[in-house]
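I have placed the structure first, in the form of structure tokens, so that the comments after it can refer back to it.
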């Protein structure tokens with residue numbers, strides 16, 4: 001009996017492995033926990049220390065713990081596990097080891113792969129990033145979420161359940177290294193893709209043009225002028241600048257990510273008119289637009305009406321010049337002339353300035369006159385100018401004609417006076433000769449005397465022509481009589497021939 005006990009105590013070492021066993025799962029997935037337990041087969045053994053091994057290498061766990069756990073398994077945790085323990089029997093202490101147990105950690109989802117819709121996109125074009133991976137079929141219910149990065153900076157809103165990220169437009173500064181991550185919703189497993197390079201290509205600007213924002217309407221002085229500079233092509237930040245040809249200096253500058261830009265010139269003046277151009281530059285050679293001529297139109301000012309060529313008093317028959325002029329206003333300007341708000345006529349001034357309208361006065365032309373100027377930007381009326389026309393009856397002349405007529409009449413008066421003196425001197429001389437004539441001379445030809453006496457008295461004749469002076473001058477400068485002697489009187493005809501000046505009498509008499 002004693003011999004049998006000794007055989008049991010001193011059993012061969014090959015059988016000692018059966019005294020310890022390692023309890024562990026043979027298959028786990030990433031993220032699962034691995035529980036290891038080193039168990040003894042004999043209750044009467046007293047385990048003092050336990051050591052765990054993986055692939056023959058000691059794992060760092062407390063020596064006096066019989067069971068341990070790896071909380072989140074990874075693929076690197078696959079291998080051969082075993083344990084050893086120091087046990088104490090009735091007679092002595094010894095070390096025992098378990099058999100090895102193989103543990104395989106399965107992949108929950110493969111490492112993600114980043115795919116890009118275009119690795120060489122042009123500026124302004126969209127790009128789609130995709131983080132490609134999926135859970136293992138044995139764990140198809142596992143939920144994943146994704147995040148995308150550029151040069152260690154998270155893109156978009158961060159983590160999302162969508163494996164895609166769409167970038168609406170890529171720009172040169174967006175070039176760089178991109179990668180993505182995928183993880184389980186429980187945050188136990190996270191994997192990262194390899195990095196991919198994206199190079200964004202810039203398109204140079206082309207076909208630069210300059211135009212007025214409101215081409216249909218005129219540029220009016222005092223209003224706002226908006227200049228639109230645009231390009232047909234071009235990517236990235238484009239710098240737009242506006243220039244005036246006369247000075248070649250910049251009148252405005254903007255940098256923005258668009259194909260067009262506006263420059264507003266408030267309260268534009270006539271001095272702002274001229275030729276303009278713009279430039280566009282996005283890092284390549286700047287491109288210049290063609291020249292654009294800008295004309296600034298100004299509304300007409302209130303015109304001034306003046307009446308020219310008038311003497312101290314306007315009279316019937318006078319010709320008056322109505323001159324209307326607006327000091328400011330872009331041509332062409334249309335002038336209209338009014339008499340008591342009735343249009344007399346209109347005259348256009350294609351090159352600006354004033355315009356004149358000639359009017360021959362009648363008695364009805366007395367009243368108020370005005371004019372209006374309009375260049376399509378608003379009409380303005382002048383102040384009223386009154387005109388009083390006098391001399392509505394008689395034979396009126398203008399003041400120039402009156403002066404000429406006065407000069408002529410003065411000369412005729414002088415001639416009439418001289419002729420009158422001449423006539424009276426001849427009359428007196430004839431009377432004297434008649435007194436001294438012999439009586440037989442008068443009786444020698446009684447027929448002649450009879451005919452002579454039959455002539456009408458000169459003073460009783462009515463004048464055929466009267467030359468009068470201006471109205472309001474009661475002086476008659478000349479009168480002409482015509483005497484018709486009897487046809488059968490030869491002596492009478494002879495007397496008229498001998499005294500041929502006797503039928504024209506110049507006199508100066510008062511009007512009755």
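What to note about this one:
- Test for residue 124: is it loosely packed, with under 13 Cβ neighbours inside 10 Å and either under 30 Å from residue 262 (Cα atoms) or outside the structural domain of residue 34 (by TED's automatic domain parsing) (or both): no
- Qualifying residue in region 334-348 (condition: in contact with a helix residue (DSSP H, G or I) (Cβ under 8 Å, 6 or more places away or on another chain) and either more than 30 Å from residue 379 (Cβ to Cβ) or in contact (Cβ under 8 Å) with a residue 12 or more places away in the chain (or both)): yes
- Among the criteria (1) at pLDDT 90 or above; (2) in contact with a strand residue (DSSP E or B) (Cβ under 7 Å, 6 or more places away or on another chain), the one residue 38 does not fulfil is (1).
- Flag for residue 274 being assigned by TED's automatic domain parsing to the domain that holds residue 212 and within 26 Å of residue 329 (Cβ to Cβ): yes
- Within region 274-288, the residues that satisfy the criterion of being surrounded by 16 or more Cβ atoms within 10 Å (Cβ to Cβ) and within 24 Å of residue 220 (Cα to Cα) are 276, 277, 278.
- Residue count, region 341-381 (criterion: assigned to a loop (DSSP other than H, G, I, E, B) and surrounded by 12 or more Cβ atoms within 10 Å (Cβ to Cβ)): 8
- When residues in region 25-48 are screened for being part of a loop (DSSP other than H, G, I, E, B) and more than 24 Å from residue 136 (Cβ to Cβ), 5 of them pass.
- Exactly one residue out of 217, 223, 236 is in contact with a helix residue (DSSP H, G or I) (Cβ under 8 Å, 6 or more places away or on another chain) and either surrounded by fewer than 16 Cβ atoms within 10 Å (Cβ to Cβ) or at pLDDT below 95 (or both): that is 236.
- Looking across 230, 258, one residue alone is surrounded by 16 or more Cβ atoms within 10 Å (Cβ to Cβ) and more than 29 Å from residue 299 (Cα to Cα). It is 230.
- Among the residues of region 49-69, those that are assigned to a strand (DSSP E or B) and touching a strand residue (DSSP E or B) at 6+ places or on another chain (Cβ under 8 Å) comprise 49, 50, 51, 52, 53, 54, 58, 67, 68, 69.
The values are calculated or read from the model by the stated rules, or taken from the named source; none is laboratory data. Keep in mind the model is a prediction, meaning the values are calculated, not measured. Every residue, glycine among them, receives a Cβ derived from its backbone with ideal geometry; neighbour counts consider all protein chains shown.
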